[in-house]
Ligand SMILES: C[S@@+](CC[C@H](N)C(=O)[O-])C[C@H]1O[C@@H](n2cnc3c(N)ncnc32)[C@H](O)[C@@H]1O
């Protein structure tokens with residue numbers, strides 16, 4: 001417990017004592033005016049004072065009723081609706097605005113930008129040796145990253161194509177509309193299904209796996225990467241992201257709220273990601289992060305070991 005003296009904090013004292021971001025003060029001030037009990041419960045939760053299940057449910061209900069983002073997260077924490085919400089912030093409720101303003105929210109947006117930059121450089125690298133480049137976006141959601149890169153650099157290049165696979169039919173439908181609006185639908189094949197059962201006709205030069213492994217334990221990540229590895233061309237690249245412990249360190253308040261909404265992550269540092277790649281028979285090439293260091297994207301290739309049968 002980090003509140004052993006059982007002090008009741010004002011919003012100002014709480015934010016100052018725990019060095020929280022100004023947006024946390026704004027959020028708590030807003031909630032205080034509307035429902036003081038919820039503000040107190042949130043502070044108590046942060047202070048690790050045990051809450052009853054009724055009190056936890058009161059917080060949940062308050063957030064669902066006042067924030068589209070929270071309601072979407074509770075309905076399905078791994079849905080692309082949640083990430084899309086942060087990629088293109090439009091909602092106007094004060095609580096939704098908090099998520100856009102938080103470091104955790106901004107890091108998701110920054111991840112998208114860095115993934116797009118690195119996808120572009122990987123495509124250019126592949127183009128040095130190949131006439132054609134085929135990208136797979138697994139658990140790709142709407143495929144916003146490939147849509148943006150294709151629309152920006154390869155609209156008139158018929159050698160670059162992608163397959164966007166997601167088990168969520170609505171994500172695929174929304175993605176197709178987005179790709180059409182940006183003039184690249186002819187370059188992206190939208191497929192509905194699970195990547196664990198996917199048997200592609202062709203192998204891929206680049207595989208993206210962004211926002212998929214974060215909630216999974218290392219053994220499951222290894223299992224998934226082992227399923228995906230045979231889909232990769234001999235010289236192909238895989239880019240896989242995971243949330244880092246930095247998120248918990250630098251934005252614990254947002255993570256606490258998201259956790260109440262059922263969003264729970266298994267943070268992995270670089271060494272843990274390297275170990276996952278090694279156990280999956282992938283050769284670590286390099287990695288990069290978003291601007292906040294909250295997500296690490298690892299890039300690997302197939303190991304050229306004698307025991308690699310794929
Ligand atoms: C957090 S979203 C990330 C979407 C996108 N990659 C991005 O970076 O914005 C995770 C996506 O993975 C999809 N997904 C999770 N498990 C899957 C599976 N086994 N097969 C296909 N899609 C899956 C979900 O439906 C969801 O759209």
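Derivation of every value follows stated rules applied to the coordinates shown; laboratory data play no part. Small disclaimer: the values here were computed from a predicted structure and weren't measured. FYI the Cβ positions are ideal-geometry reconstructions off the backbone, even for glycines, and counts take in every protein chain you see.
For region 38-170, the spherically averaged projection of the C-alpha convex hull amounts to 10.3 nm². Among 24, 68, sorting on how many other beta-carbon atoms sit within 10 Å of each Cβ, with the fewest leading, yields 68, 24. Remark: the Cα gyration tensor places region 160-212 in the oblate category, a/c being 1.5 or greater and a/b not exceeding b/c. Over the chain, dividing the summed -39,500 (n - 2.57) contributions of all DSSP H runs of at least 4 residues by the number of residues returns a 222 nm mean residue ellipticity of -15000 deg cm²/dmol. From least to most packed, judged by other beta carbons within 10 angstrom and beginning with the fewest, 142, 216 follow the order 216, 142.
Each 20 Å bin from 0 upward holds the following percent of the Cα-Cα pairs of the chain: 32, 52, 16, 0. By other beta-carbon atoms within 10 Å, ranking 153, 62, 98 with the fewest at the front produces 153, 62, 98.
Please state the shape class of region 233-276: rounded when a/c is under 1.5, otherwise prolate if a/b exceeds b/c and oblate if not, all from the C-alpha gyration tensor.
It comes out prolate by the Cα gyration axes.
Compared with the rule-of-thumb size 2.2 N^0.38 Å for a compact globular protein, region 18-93 has a Cα radius of gyration ratio of 1.18.
Can you work out the FRET efficiency for the pair residue 131 and residue 58, with r the C-beta to C-beta distance and R0 = 51 Å, to the nearest 0.05?
So, using R0 = 51 Å, E works out to roughly 0.25.
Put simply, when 162-168, 263-269 are sorted by average Cβ atoms within 10 angstrom per residue, most first, you get 162-168, 263-269.
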